[in-house]
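To start, the structure under review is shown below, and the notes come after it.
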Amino acid sequence: MYCSYFQAQVVEKECWFLVAVMRSFEHLSFDRTCDKTASIFEFFVPPLLEKPFLEVMDYFMKEGVITSLERMPNRLKDPLAPI
């Protein structure tokens, strides 16, 4: 089973905060910077933890830490997809 996949646009000066908070929630998601110049992060989320993940992302949206969140097809399902 593959994780759900999301990408978020993060306000550049808030990247450190997002990473710190996400690390405090063990196993909620695996996150990494997908595009450093555009401050885009990708998140791999276990299906059973999708609801709490989205609650955290909603908080980040309300606080202005992220400006967008998009569910996308998991890029790891396609071995030819760019990293």
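Structure values in brief
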item	result
Residue match in the stretch 1-14 (condition: in contact with a Ser or Thr (Cβ under 6 Å, 6 or more places away or on another chain) and assigned to a helix (DSSP H, G or I))	yes
Some residue of the stretch 48-64 being in contact (Cβ under 8 Å) with a residue 40 or more places away in the chain and assigned to a strand (DSSP E or B)	no
Inter-residue pairs, beta-carbon under 9 Å, first over 10 Å from GLN9 (Cα atoms) and in contact (Cβ under 8 Å) with a residue 40 or more places away in the chain and in the stretch 31-44, second of a type in the set (S, T, N, Q) and assigned to a loop (DSSP other than H, G, I, E, B), 6+ apart	PHE44/SER29; PHE44/ASN74
Which listed residue is without any contact (Cβ under 8 Å) to a residue 24 or more places away in the chain and of a type in the set (Lys, Arg), from ARG23, ARG75	ARG23
Within the stretch 1-40, considering residues that are of a type outside the set (Ser, Thr, Tyr), within 16 Å of LEU76 (Cβ to Cβ) and in contact with a helix residue (DSSP H, G or I) (Cβ under 8 Å, 6 or more places away or on another chain), the one surrounded by the most Cβ atoms within 10 Å (Cβ to Cβ)	PHE6
Meets criteria (touching a strand residue (DSSP E or B) at 6+ places or on another chain (Cβ under 7 Å), touching a residue at least 60 places away in the same chain (Cβ under 8 Å) and either among the polar types (S, T, N, Q) or on the phi < 0 side of the Ramachandran plot (or both)) for GLU70	yes
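Taken together, the values in this text are just the output of simple stated rules run on the coordinates, not laboratory data. Since this is a predicted model, take the numbers as computed values, not measurements. Glycine gets a Cβ as well: all are built from the backbone with ideal geometry, and neighbour counts include every protein chain shown.
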